[in-house]
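The structure appears below as structure tokens.
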Amino acid sequence: MKTITILVSVTITLVLLVWLGLQIKPKPFSSYQSVAADPKTNPLPDGLPAPVKRFYNLVYGDTVPVIETAVISGRGSMRVKGITFPARFRFSHIPGQDYHHYIEATIFSLPLMKVNEWYVDGKSRLELPFGVSEGIKVDQGANLALWAEAIWMPSVWITDTQVRWEPIDEHSARLVAPFGDEEEHITVRFDPHTGMLRTMESMRYKESDSPQKTLWLNEVLEWTALNGRMLPIVTSITWQDEGTPWAVFTTEEVVYNVDIQAAALVGSD
């Protein structure tokens, strides 16, 4: 009986320690130091669907910047095997071409699991704690992420000739993006009251061996001015079959038109 009591006490203590460790946020990444080039600007083109034009007028006005690179950093949470961990992230983009994702899931503010993903020249390599994921279905998902993550630099959806907007109704539009010789469709919905982008919906392969695509939902939970720019500060990602977000990201820094070489080295050790 005494042994059982000790085991129960130890188990409860361990559970409490794990719970406590999961309540502590990691430190943010250090500010990304690089000299930024002043962006060129293009006029807002004619012929955009009405909710799209309203959105760009709210974010940029009559002209949009040409973004050549971007580094996005912040903290949040991610669910792994049913457990939600605090996390910090740094994403670097050459918009419309390549990206690097680095995410740390932490406990007691210390890295427990690392996610390293590269999407380069149309090919993805996803390094997870449980192994490496590659293949055409992984590439398809990464390509969608490439375009969906332009939410942090939405002028890309205007300045990049690879994509185009198609009308749906007064509060939504379709973003058409390339994937090899095919096209992917992202349904974009805008808040009817504020005019700001609210959700992006697309069909994405969940795993490298998934027999069919699953609805993939990207949602902007909060738009706020950061360094003088309106940016999606809190975003979430949800698979339809899971019902709740598996990741929530809070953006803390976004820098444009910088040398992204150092960003790609994060997590390479």
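What follows is calculated from the coordinates using simple rules that are stated; it is not laboratory data. Keep in mind it's a predicted model, so treat the numbers as computed, not measured. Here the Cβ is made from the backbone with ideal geometry for all residues, glycine too, and neighbour counts use every protein chain on show.
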On each of the three principal axes the extent of the alpha-carbon atoms of segment 106-244, given in whole Å and largest first, is 43, 43, 30
Ordering 193-204, 75-86 by per-residue average of other C-beta atoms within 10 angstrom, highest first, gives 193-204, 75-86
Taking Cα atoms, how many degrees apart are the long axis of helix 2-21 and the longest axis of the chain, rounded to 10 and kept between 0 and 90?
20
In a GNM of the chain with a 10 Å cut-off on Cα contacts, which of L215, L20, L48 has the highest mean-square fluctuation?
L20
Pairwise Cα inverse-distance average, inverted: Kirkwood Rh of segment 3-153 (Å)
18.6
With the dipole of segment 2-264 defined by +1 on each Lys or Arg Cβ and -1 on each Asp or Glu Cβ, the option from A70, G180, I237 whose Cα lies farthest towards the positive pole is I237
Taking the beta-carbon count within 10 Å as an exposure proxy, list S109, S208 from fewest neighbours to most.
S109, S208
Tell me the angle of helix 136-148 to the major Cα principal axis of the chain, expressed in degrees between 0 and 90 and rounded to the nearest ten.
60
Need the C-alpha centroid separation for segment 179-252 versus segment 96-123, integer Å.
18
Given just the C-alpha atoms of the chain, how large is their convex hull per residue in cubic angstrom?
156
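Per residue, how big is the convex hull around the C-alpha atoms of segment 183-258? Give it to me in cubic angstrom, could you?
Here the figure is 147 Å³ per residue.
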GNM flexibility winner over the chain from A70, A247, A50 (Cα, springs under 10 Å):
A50
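Could you grab the relative contact order for segment 107-179? Cα pairs under 8 Å, six or more apart, rounded to a whole percent.
17
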The chain - mean residue ellipticity at 222 nm from DSSP helices (-39,500 (n - 2.57) per run, n ≥ 4, rounded to 500)
-5500 deg cm²/dmol
Name the residue, out of D121, D259, D160, whose mean-square fluctuation peaks in a Gaussian network model built on the chain with Cα pairs under 10 Å.
D121
